[in-house]
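**Student:** Sharing a structure here in structure tokens format.
Please treat every number below as a calculation from the coordinates, not as lab data. Model, not experiment: these values are computed from the prediction. Quick reminder, even Gly has a Cβ in these numbers, built from the backbone with ideal geometry, and neighbours come from all protein chains shown.
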Amino acid sequence: MTSDPPPGVFVCPACGSTNEANIRTTLSVPVVPPDHAWDPVFELRHCADCGATIPAHLAERWAKVDVAEARRQWESMFQATSPFQPYYWLVREPPPT
Ligand SMILES: [Zn+2]
């Protein structure tokens, strides 16, 4: 297992893509309640392939986690509780009905 990109290089823990969207988000205000899994997350990365919004510490593996561990944490803690819709950063207004 030596093929993991180094820390700091985007890997989507949801789909495995290295295709990062051309935008990064830093939250300046909380978007979830204080006891929420996403409460400590302020740096976000976005996957251009599956539309997932991902905590940067997982997408870039800041704390010496490998890709498999990042995926495990994503699936166990963040995926189901995400306050962000897929491709939310592209959404500027609701689609016409
Ligand atoms: Zn993805």
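**Student:** Ranking request for peptides 4-11, 71-78: highest mean number of other beta-carbon atoms within 10 Å first, then the rest in descending order.
**Tutor:** 71-78, 4-11
**Student:** Determine the gain in length on full extension of the stretch residue 24-residue 76; use 0.36 nm per residue of separation and subtract their C-alpha separation, reporting nm with one decimal.
**Tutor:** That pair, residue 24 and residue 76, stretches by 16.4 nm at full extension.
**Student:** With charges only on Cβ, +1 for K and R and -1 for D and E, what is the dipole size of the chain about its Cα centre, in debye, rounded to 20?
**Tutor:** It comes to approximately 80 debye.
**Student:** Given contacts defined as C-alpha pairs under 8 Å and at least six residues apart, what's the relative contact order of the chain, whole-number percent?
**Tutor:** Relative contact order here is 29 percent.
**Student:** Just round it to a whole percent: the fraction of Cα-Cα distances in region 1-70 exceeding 14 Å.
**Tutor:** 57
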